[in-house]
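The values are calculated or read from the model by the stated rules, or taken from the named source; none is laboratory data. No experiment lies behind these values; they were computed from the predicted model shown. In this analysis, Cβ positions are derived from the backbone assuming ideal geometry, glycine residues included, and neighbour counts consider all displayed protein chains. The accessibility values were calculated without ligands, DNA or RNA, using every heavy atom of the protein model including side chains. Shrake-Rupley method; radii C 1.70, N 1.55, O 1.52, S 1.80 Å.
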Amino acid sequence: MTPPRAEVIGDPIAQSKSPLIHTFWLDALGLAGNYGRVHVTSDDLPGYFERVRADPDWRGCNVTMPHKMAVMALVDEVDSVAEQVGAINTIVSRDGRLIGYNTDVGGIIEPLKRPDRGIGGYRCHVATYAQIIGAGGAAHAAGVALASMYDLEFYNRTLDKAVALAKLFGLGPDHAAGLEGLGPIRNADDGPDDQRYSHVVFNASSMGMTGQLPVPIDLDPYYPDTIVFDAVYSPMETPLLAAARARGLRTIDGLEMLIGQAALAFALFFGAEPPRERDAELRALLSA
């Protein structure tokens, strides 16, 4: 009997860490299965799905750039979360039907809900603001993930794009700003002992990635319970995270999101929960 298989598709695809993650979990659980990577161009997307539909061993695929939006039109059903985001990163075969999901949203929510990361413990605050940096697909996914928990604000190099993204979430232009507007929300009478708000700073842009300029933010004025979440994982220690740790703020790096979203996809593909108690071992492997 041929073992089930899944894969990640994209253009380019050689850089993907997904095969390493899923193979690690398959081996750890002793499950029969394969997970690989397939280079698929935009022109070949329809042909790719025609081929895999006919393969009884194909359980599904992860989808990376630049196909996350294009595949929306090629599946039979779109999960409600993926519909909200307007992008799919996981496709699963079920009884001959292709179902599209977005596990990036769950990968963002999971680390923020851990007890050591939760907002609180510094007085009763009026609100928690999630300040999302960027205006692309990752920022949209972050907005969907965080909208149920926090008040949202969007920051981008191009103000019009930040305003447009805020509008998608039913927010006015006062919830959007250029990068120069980054800073903590304060009331006029706020003082060092009168903290009204908490903050999550989420970098959903390419800033801080290897070869890119860092996020232009001064973290010194932020409150001590601020959480800084950077979706970038190459490098794992971005300038933003380094500055946050130097300031003593709580941090979440891109590998946590990468592993979290992959865990949800793994369960969909192989019908088993990955061994998350071995995350430290997996992180060391991904960082090597």
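Values computed for the structure shown
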quantity: Residue in the range 203-224 that is closer than 17 Å to residue 250 by Cα, outside any loop (DSSP other than H, G, I, E, B) and either touching a residue at least 24 places away in the same chain (Cβ under 8 Å) or of a type outside the set (Gly, Ala, Ser) (or both) present; calculated: yes
quantity: Given (1) basic (Lys, Arg); (2) part of a loop (DSSP other than H, G, I, E, B); (3) at pLDDT 95 or above, index of the condition residue 186 fails; calculated: (3)
quantity: Search result, residues across the range 225-248 that are open to solvent by 10 Å² or more (accessible area, probe 1.4 Å), outside any helix (DSSP H, G or I) and either within 18 Å of residue 211 (Cα to Cα) or among the hydrophobic types (A, V, I, L, M, F, W, C) (or both); calculated: 231, 233, 234, 235, 236, 237
quantity: First in the range 255-283 and at negative phi and part of a helix (DSSP H, G or I), second anywhere and among the small types (Gly, Ala, Ser) and surrounded by fewer than 14 Cβ atoms within 10 Å (Cβ to Cβ), Cβ under 8 Å, 6 or more apart; calculated: 255/287; 266/272
quantity: Selection count where residues are closer than 14 Å to residue 263 by Cα and either part of a strand (DSSP E or B) or among the charged types (D, E, K, R) (or both), scope the range 24-39; calculated: 1
quantity: Restricting the range 148-157 to residues that are open to solvent by 30 Å² or more (accessible area, probe 1.4 Å) and in contact with a strand residue (DSSP E or B) (Cβ under 8 Å, 6 or more places away or on another chain), the residue that is nearest to residue 103 (Cα to Cα); calculated: 149
quantity: The range 59-83, residues that are in contact with a Pro (Cβ under 8 Å, 6 or more places away or on another chain) and crowded, with 20+ Cβ neighbours inside 10 Å; calculated: 59
quantity: Any pair with Cβ under 9 angstrom, 6 or more apart, that starts in the range 28-47 at a residue that is on the phi < 0 side of the Ramachandran plot and exposed (fewer than 15 other Cβ atoms within 10 Å of the Cβ) and ends at one that is of a type in the set (A, V, I, L, M) and assigned to a helix (DSSP H, G or I); calculated: 28/282; 32/26; 42/70
